[in-house]
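Scroll down for the structure; my scribbles are underneath it.
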Amino acid sequence: MVRSFPKLAANVSSDISKKYEEAVKMLNTLQSNAQTIQKIRKERNSLSHLNIPNMVKYAERAGISLDDIDSLNVIHVSGTKGKGSTCAFTESILRQYGYSTGFFSSPHLVEVRERFRINGSPLSRDKFAHYFWDVYHKLEASKHQHNGAMPAYFAFCTIMAFHVFLQEKIDVAIVEVGIGGQYDSTNLIRKPVVCGVASLGLDHTSILGNTIEKIAWHKSGIFKSGVPAFTAPQVSPALQVIRERAEEIGSPLHKVLPLQDLNFQGRKLEIGIEGSMQMVNAALAMQLSKTWIENRERNARIEDTGEMENGVQSSIPNAKESSPCIPECEPFAVTENMHQGLAMCSWAGRNQSIKKQRLTYYLDGAHTFESIQQCVEWFKTASAKEAKTIRGKVVKVIVFNTTGDRDPSVLIAPLTDCQFDLVAFCPNIAFSNRNTLDLTNNTVTTESQHARCLLNKEFWIKVHQSRTAGAEFSDDVPSGTSKRTLQNGNANGQTNGSNKRLKVDHNDDDISQTEDQKSLKSSNGVSLDLGNGESKSVINGESEDPLFHNISCEQATCDSRSIHSHDTDVISQVFPSIFDALKWATQGRDQLVNDDIKLDLNDIPEDLRDPAHIQVLVTGSLHLVGGVLRAVGPDYNS
């Protein structure tokens, strides 16, 4: 007789879920609050050199030595745009070869366990809780001998990743840098097999500096003596710094070839992640994978024969001189495993489409000028292709947010080319009526997030009004735009005539620095009204590793009905949460973001209501995209 135990299974599942939630709740206590973040930012430059020595101490307290980390056969990748996708391609290729893989990435989209992947899959909730408490208890037990010091959120995750990889006995660890490189928590890695630098641009300027050269210096800080390094195509100022750093450190450096220049041996070039920039990321991943495999095979031969090969030259690819500075890799034959690795790769939240009944979500976590340009190109192409298959009216909507020290006008101007019918702004708050532990963020205030949304909305209206009034377009940087954000033209030292930029009238001091905090002012130079009778400037309170902040509906200070705008042809609204924004954007047709509250569509013109199809682009922030994935697909990680 076969017996089943559904009640026992349910209890086990509930127990696992509880253990996971307890672990995440404890992990969240390692986040700093908004006030502490401001203090840390002021002291960052004077303390940054201590980060790696502190990381080594934390690792040792957790029972992890540098020799242990050396044994993980690490591929270390930095960059501004595409480092996560590059790592995903690399992991997929090596998995196709049959190697067991570990992949540490950030940020997570829906659940923190996504940061730790074994053979392409996030850690199970059970394993996450198990490994978390392993590391946490060791650090907690030893903190009294170290003045009570505990690692911050991202530093803890980094230590935990190495612990997970060691326990899982993986063949290769693919490690994505958090922010920068030189002082990033991941840079306690002293003997990677190979390093890569993905495309660079201006981002995290308050941490890394406001020029492409300063950013390149940080990103190339992951290079190690004698370890081969590869860079994606970069603008000349960045390449010069990368070359100088490689020479200073003693790392053999090469530029990767375009993917199209490789020999696919008659196979069709296919990559699993959409978007033109993914060709660049895939090309870097191919070279990283090839170099790692060659190193692995050479070490296996040495073990078999007991003979040492001369030097490290066999780790370095054949190269041709493309310039007097950095040699370019030679073309090579693409294997079937490489081809399949590219084609089978998936990376959520980047050029991702989710199709539903009479509704399509287009998700891309673009948050730099260059990545927004690519997002616009992808969305315009994909949405137009879909629209041709639909009979009846198609309404285009954007849900947008941007955070930190990013200039909203730089991201908004290209997006207005998409000619959206409706525009929704919301903070990176998943739900206004319930809390989600994985998406909790203690590092920013509710007020600062809401005020940022108002700023984003103000810029959108200004840009749209200027366009409809026949504003002047320029191939150059918008006149008067914040130099801190836009130094070096389009954030990489060049202007691009094919991507017209709108001249937005705001002053150089729109992003101002006071002694106690950074504040983002509105374009007319005044602080923004938060809608609660109190006037505050926008606080740049993002942490080094920002997550979501969740509040109750009572705490939310914004009332979407009170601040929508009819003063332009495009209807725009600010909402207190991602859930609320999606409900309005989809006109209630997605049941996963519907509820018992009556949907008010009075501000949507009659001709835009109940269309044949709605296309919703979500962009500007990876955290925003993660919140959308949480709302529209709760089984995302199942």
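Of note:
- As computed over the stretch 96-220, the Cα convex hull volume per residue (Å³): 141 Å³
- Label separation (ASP15 vs SER65): 3.7 nm, computed from points 7 Å beyond Cα along the C-beta direction.
- Counting beta carbons within 10 Å around each of ARG190, ARG406 and listing the fewest first gives the order ARG190, ARG406.
- A protection proxy built from the mean count of other Cβ atoms within 10 Å ranks the segments 350-358, 606-614, most packed first, as 350-358, 606-614.
- SER124-LEU437 pseudo-label distance in nm [points 7 Å out on the Cα-to-Cβ vector]: 1.8 nm
- Residue-span extension gain [ALA333 to ALA469] - 0.36 nm each, minus C-alpha spacing: 43.6 nm
- Charge context of LEU622, other residues only, Cβ under 10 angstrom, K/R +1, D/E -1: 0
- The stretch 331-467: relative contact order as a whole-number percent, Cα under 8 Å and 6+ apart: 21 percent
- Share, in percent, of DSSP beta bridges within the stretch 321-467 that are antiparallel, nearest 5: 60 percent
- Least to most buried among THR436, THR291, THR446 (fewest other Cβ within 10 Å first): THR436, THR446, THR291
Just so you know, all these numbers are worked out from the coordinates, no wet-lab data involved. In this text, all values refer to a predicted model and were calculated from it rather than measured experimentally. As a convention, Cβ positions derive from the backbone with ideal geometry for all residues, glycine included, and neighbour counts pool all protein chains shown.
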